[in-house]
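Here's the structure, in structure tokens; my notes come after.
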Amino acid sequence: MHRTSLAALLALTVLTFAPSAWCDEEDSPPTESRWYGWQVLLVDGAAVVAGAATQELPIFLTMYAVGAPIVHAGHGRGGAALGSLGLRVGLPLVAGGVSYALLAQSCGKDSGDYCGLGAVAVGILAAGAGMVTASLIDVFAISHESVAATPRRPKAFTVTPSAHVDPRGDFSVGAFGTF
């Protein structure tokens, strides 16, 4: 009885996750990938400009964190929006936190007054590098959507005959073609 249940569970799993079980590839229209990363770049640029113009860090951080996920959601890609948000928040926090922790750990009693400040500065720089890296990953790796493929027109084959008589009476015949 145990083997029968295991075999049934295995068969159900294979049928559930096999692409042919839930999607007939012959009936689905062809798709192609379209890049919309330029929209994410515009939103990131707007975040930088707004942050610089207002000199308010919370405005910049909010626009940076949620701007690109809103673009992904606008393209109907909720999973990409959540992934983008996680990447844009998580990567800078991890990069900054790990860098700070490693440097702060090396500060001892004899390190001086500025060792902790140096660890904070390196943590902030690492968080900034994490933000740039997250943005680049978002723009170039996540910002692609599947759209219906545009039908390609077959290349035309044309032949154009020509005839020419010059003033001396010489006659020539030819053909021009594109293919």
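Computed from the coordinates by the stated procedures, all read-outs in this text should not be read as laboratory data. What you are looking at is a predicted structure, and each value in this text was computed from that prediction instead of being measured. No Cβ is skipped: glycine too gets one built from the backbone with ideal geometry, and neighbour counts run over all protein chains shown.
Please give me the summed charge of the neighbours of Ala65: other residues whose Cβ is under 12 Å from its Cβ, Lys and Arg +1, Asp and Glu -1.
So the environment of Ala65 carries a net charge of -1.
Using the Cβ atoms and a cut-off under 14 Å, what net charge is assigned to the surroundings of Glu32, where Lys and Arg are +1 and Asp and Glu are -1? Provide the component values of the computation, followed by the final result.
Values: positive: Arg34, Arg152; negative: Glu145.
Taking every other residue near Glu32 into account, the sum is +1.
What is the sum of charges around Val43, taking Lys and Arg as +1, Asp and Glu as -1, for the other residues whose C-beta is under 12 Å from the C-beta of Val43?
Details: positive: Arg88; negative: Asp44, Asp138.
Here the count lands on -1.
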